[in-house]
């Protein structure tokens, strides 16, 4: 499954953009940043492949603060049983 | 953010390379357990945020408060009265370890046949791989089991430690003893913080913690009906965060979430199919990030609607009497709430727990109970015999399970859970 992650310098930026996107009728999920795109234990926004086009348009038309948008191939599997 | 966190962890004297391995495991595990769920409540956003930067956000807040002169008290048990610390303008943070990652460092100083919660807790401190364990100015232990008692002696060589001696009964002399322990704890906290615990401050702190208890109880009440608006996994995450988050902020966000959940119930929005077996989980606590059994049970087709354990109902059930007119009255109120109303397996006899499980099973309309014990927890393991016998007498299906923090037994556990669910479904 392809997903997109918006990365930030701090969690306040992530929470703010999450709210902005919601106000704009766009979905995002607050998520831990995947290690493949950043080495921090930080907060990012996960965007589905279906919504990324609209989200990119939103980002380009609004004053949004973020670091970058990264594409990630991932599969969430609740039966993987790999805990931390 | 990463640089800021790493600078903070370095200042705390942490082992950054080893800690980085834990950080690496979190996104995948969190994704599998939480983000794989459909139709989660929007109110989980806050808890996702806290979990996503679990070793960054709250630790930074605690350090900022320490710089203002406040003291942080790390606790390991629901018997330690948060109210006392809050009344002295201190901050409480839960410290129990719930990750296999910390166990090997714990095993360097503890027998292997110690419960994983204790091994992980010591490992997190001694291995320098958890910021909360580095930040706490004083640890507050309690004598709920032999493993903890001896482990605290080892921890006490590394960090200031206060031990509350919990009586293992609920007779009048036990209440008197626990009242004395609370008074001693007040004196310790006053001396350590330099702040007096006055009647006004203690009454205020009781109100703060009671409000948090009411919010968590409201959250649990949302799970009682046929429509289940939130998964057991999400409630578990909330409860785990409740142990270290700011209590007033947590109360606010949980109440906001409950507004949404009550609306979901009114609209019939459920996270589980109507025929999903409803499970009550009882037994040993589930410290963060121990999400294993909730994930196995719910990804096997059931929904957990109640937890009778220290990271469940025992944490919030029963209020402390408010508006006390003297410090003696306030201490009596704390004594009553904590000793009389928390039914830990460390008590003998402990009929209140059996009554609680049966009552909760009825209130939450459960189809079955899973009695879960952490390996080497003799108290809960032994009490399991009485729990299972009582539930069978009551006609409530029950499955006893034992596990630890490793992933090795997941398939075996899944097989047993699925067989249990099949039996329930008839």
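Would you check if residue B:356 is away from chain A (no Cβ under 14 Å), within 30 Å of residue B:205 (Cβ to Cβ), in contact with a strand residue (DSSP E or B) (Cβ under 9 Å, 6 or more places away or on another chain) and surrounded by fewer than 21 Cβ atoms within 10 Å (Cβ to Cβ)?
yes
Filtering the range B:282-296 to residues that are in contact with a strand residue (DSSP E or B) (Cβ under 7 Å, 6 or more places away or on another chain) and more than 11 Å from chain A (Cβ to nearest Cβ) leaves B:282, B:283, B:284. The residues on offer are B:128, B:119, and the sole one that is under 25 Å from residue B:56 (Cα atoms), out of contact with any strand residue (DSSP E or B) (no Cβ under 7 Å at 6 or more places or on another chain) and surrounded by 24 or more Cβ atoms within 10 Å (Cβ to Cβ) is B:119. Scanning the range B:22-79 for residues that are at the interface with chain A (Cβ under 9 Å from one of its Cβ atoms) and part of a loop (DSSP other than H, G, I, E, B) yields B:36, B:37, B:40, B:53, B:54, B:55, B:56.
Just to be sure I understand, how many residues within the range B:259-308 are part of a helix (DSSP H, G or I) and more than 16 Å from residue B:366 (Cβ to Cβ)? Walk me through how you get there before you give the answer.
Kept after step one, since they are part of a helix (DSSP H, G or I), are these residues of the range B:259-308: B:259-267, B:292-298.
Narrowing the set further to residues that are more than 16 Å from residue B:366 (Cβ to Cβ) leaves B:259-267, B:292, B:295-296.
Adding up the residues that qualify gives 12.
Does residue B:173 satisfy being more than 25 Å from residue B:241 (Cα to Cα), surrounded by fewer than 18 Cβ atoms within 10 Å (Cβ to Cβ) and modelled with pLDDT of 95 or more?
yes
Looking across A:53, A:19, A:25, one residue alone is part of a loop (DSSP other than H, G, I, E, B), surrounded by fewer than 16 Cβ atoms within 10 Å (Cβ to Cβ), more than 7 Å from chain B (Cβ to nearest Cβ) and modelled with pLDDT of 95 or more. It is A:25. Within the range B:382-395, the set of residues being surrounded by 15 or more Cβ atoms within 10 Å (Cβ to Cβ) and within 21 Å of residue B:286 (Cβ to Cβ) comprises B:383, B:384, B:387, B:388, B:391.
Filtered by the rule that a residue be in contact (Cβ under 8 Å) with a residue 12 or more places away in the chain, surrounded by fewer than 18 Cβ atoms within 10 Å (Cβ to Cβ) and either assigned to a loop (DSSP other than H, G, I, E, B) or in contact with a helix residue (DSSP H, G or I) (Cβ under 7 Å, 6 or more places away or on another chain) (or both), the range B:401-418 gives B:406, B:407, B:414.
Kindly evaluate residue B:279 against the criterion of being within 14 Å of chain A (Cβ to nearest Cβ), crowded, with 24+ Cβ neighbours inside 10 Å and within 12 Å of residue B:232 (Cβ to Cβ). Criteria not met by residue B:279. Taking the criterion of being in a loop (DSSP other than H, G, I, E, B) and in contact with a strand residue (DSSP E or B) (Cβ under 9 Å, 6 or more places away or on another chain), the residues of the range A:65-75 that qualify are A:66, A:67, A:74. If you scan the range B:108-138, which residues turn out to be free of Cβ contacts under 8 Å to residues at least 24 places away in the same chain and touching a helix residue (DSSP H, G or I) at 6+ places or on another chain (Cβ under 6 Å)? B:119, the sole residue that qualifies. Considering only the range B:163-185, I want to know if a residue exists there that is in a strand (DSSP E or B) and either more than 18 Å from the chain's Cα centre (by Cα) or within 15 Å of residue B:338 (Cα to Cα) (or both). So far as the range B:163-185 goes, yes, one or more of its residues are in a strand (DSSP E or B) and either more than 18 Å from the chain's Cα centre (by Cα) or within 15 Å of residue B:338 (Cα to Cα) (or both).
With without any contact (Cβ under 8 Å) to a residue 40 or more places away in the chain, touching a helix residue (DSSP H, G or I) at 6+ places or on another chain (Cβ under 8 Å) and either at the interface with another protein chain (Cβ under 9 Å from one of its Cβ atoms) or assigned to a loop (DSSP other than H, G, I, E, B) (or both) as the only criterion, which of A:44, A:36 stands out? The match here is A:44. For residue B:229, only one of the following conditions fails: (1) crowded, with 24+ Cβ neighbours inside 10 Å; (2) over 23 Å from residue B:426 (Cα atoms); (3) more than 14 Å from every other protein chain (Cβ to nearest Cβ); (4) within 16 Å of the chain's Cα centre (by Cα). What is its number? Condition not satisfied by residue B:229: (4). When residue B:379 is tested against (1) free of Cβ contacts under 8 Å to residues at least 60 places away in the same chain; (2) surrounded by 15 or more Cβ atoms within 10 Å (Cβ to Cβ), just one condition goes unmet, and that condition is (1). Search the range B:80-94 for residues being in a loop (DSSP other than H, G, I, E, B) and touching a helix residue (DSSP H, G or I) at 6+ places or on another chain (Cβ under 6 Å), and hand back the single one that is nearest to residue B:137 (Cα to Cα). Only one residue fits best here, namely B:90.
One residue stands out among those in the range A:1-13 that are farther than 25 Å from residue A:77 by Cα and in contact (Cβ under 8 Å) with a residue 40 or more places away in the chain: the one that is surrounded by the fewest Cβ atoms within 10 Å (Cβ to Cβ), which is A:9. Of all residues in the range B:312-324, none satisfies being away from chain A (no Cβ under 14 Å) and either within 24 Å of residue B:27 (Cβ to Cβ) or part of a strand (DSSP E or B) (or both). Suppose we filter the range B:1-21 for residues that are free of Cβ contacts under 8 Å to residues at least 60 places away in the same chain and outside any helix (DSSP H, G or I); how many remain? Selection size over the range B:1-21: 1.
The values are calculated or read from the model by the stated rules, or taken from the named source; none is laboratory data. Bear in mind the structure is a predicted one, so any value in this text is a computation, not a measurement. Every residue, glycine among them, receives a Cβ derived from its backbone with ideal geometry; neighbour counts consider all protein chains shown.
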